[in-house]
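The values are calculated or read from the model by the stated rules, or taken from the named source; none is laboratory data. Computed from a prediction, not measured in an experiment: that's the story for all the values here. Note: ideal-geometry Cβ built from the backbone for every residue, glycine included; neighbour counts use all protein chains shown. Quick note on the areas: whole protein, heavy atoms, side chains included, nothing else; ligands and nucleic acids left out. Shrake-Rupley method; radii C 1.70, N 1.55, O 1.52, S 1.80 Å.
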Amino acid sequence: MALSKLKVVVLNNEIKICHLLFFKRVINLSDINEAKNIDYNFVGYGIRKTKKYGTVYNVKGKEGVAFTLKNGEKYLIGSKKAEQFLKSLKEN
């Protein structure tokens, strides 16, 4: 768990997802078709691929923001502050 640090930043019409030094993913907000807060069952920690949620970025908890891109790709980002996260997506 010491290496389980997920950083998500919404800035300049982008979502930047960083997991320590292992990866960095950038998603343009204009590519998002739908976003919503969800409570989900345990899907595991770290980066996962699931049929239901697509690519999952989760460190702990069971709350997050699920979104679908215009090209059909799905993502779920776990967050203790899911409401704030969703609000920041809509404000940018």
Only one residue in Gly72, Gly61 is modelled with pLDDT of 95 or more, open to solvent by 40 Å² or more (accessible area, probe 1.4 Å) and of a type outside the set (D, E, K, R), so which one is that?
Gly72
Where the second residue is surrounded by fewer than 13 Cβ atoms within 10 Å (Cβ to Cβ) and the first is within 17 Å of Leu11 (Cβ to Cβ) and lies in the range 73-92, which pairs have Cβ atoms under 6 Å and are six or more apart or on separate chains?
Asn92/Asn13
Selected residue (criterion: farthest from Val9 (Cα to Cα)) from residues of the range 38-47 that are open to solvent by less than 100 Å² (accessible area, probe 1.4 Å) and assigned to a strand (DSSP E or B):
Ile38
Residue that is modelled with the highest pLDDT [pool: residues in the range 8-27 that are over 19 Å from Gly44 (Cβ atoms) and among the basic types (Lys, Arg)]:
Lys16
